Amino acid sequence: MGRREVEFDHELVTETEKKLKRPPLYKVLLHNDDYTTKEFVVQVLQYVFHKEATEAVQIMLHVHKKGIGVAGVYTYEIAETKVAVVEDLARQHEYPLKCTMEEA
């Protein structure tokens, strides 16, 4: 077999390392009111926020006693969706439950 000559272009290849910035997180907050039942709030925490029964009750009691409580912390789009789902469920069941979000 014959010998092959291989030519290489000697170019300097530089790689810049891009650091990915984590997206900001948002707290989804439940607000206490005098009409929404505690049971409904627990169900919302379990259904929308996937909380275990014990944790859902603890969060509900915190909201009931303090007036406001964190249901979860998510990226903007997920938090926005959860707020909309909670308010839609509350309207369907004729409760004035208020759900908001704020940057964590």
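The values are calculated or read from the model by the stated rules, or taken from the named source; none is laboratory data. None of the values given here were measured: they were computed from a predicted structure. So basically every Cβ, Gly included, is an ideal-geometry build from the backbone, and we count neighbours across all protein chains shown. Areas reflect the complete protein model, heavy atoms only, side chains present, ligands, DNA and RNA absent. Shrake-Rupley method; radii C 1.70, N 1.55, O 1.52, S 1.80 Å.
A few points about this structure:
- Cα lying deepest toward the dipole's positive end in the chain, options L89, Y76, T54, charges on Cβ: T54
- Residue-count net charge about A79 - beta-carbon cut-off 10 Å; Lys, Arg +1, Asp, Glu -1: -2
- For L29, neighbours were defined as the other residues whose beta-carbon sits under 14 Å from its Cβ, and their charges (Lys and Arg +1, Asp and Glu -1) total -1.
- Only DSSP H runs of four or more residues enter the estimate; each adds -39500 (n - 2.57), and after division by the residues of the chain the mean residue ellipticity at 222 nm equals -12500 deg cm²/dmol.
- Long-range amide H partners of G69 with built H, under 5 Å: L30
- The peptide list 58-65, 30-37, put in order of mean Cβ contacts within 10 Å with the highest first, becomes 58-65, 30-37.
- Rolling a 1.4 Å probe over the heavy atoms of the protein chains gives the chain an accessible area of 83 Å² per residue.
- Principal axis dimensions, the chain - Cα atoms, whole angstrom, descending: 89, 29, 25
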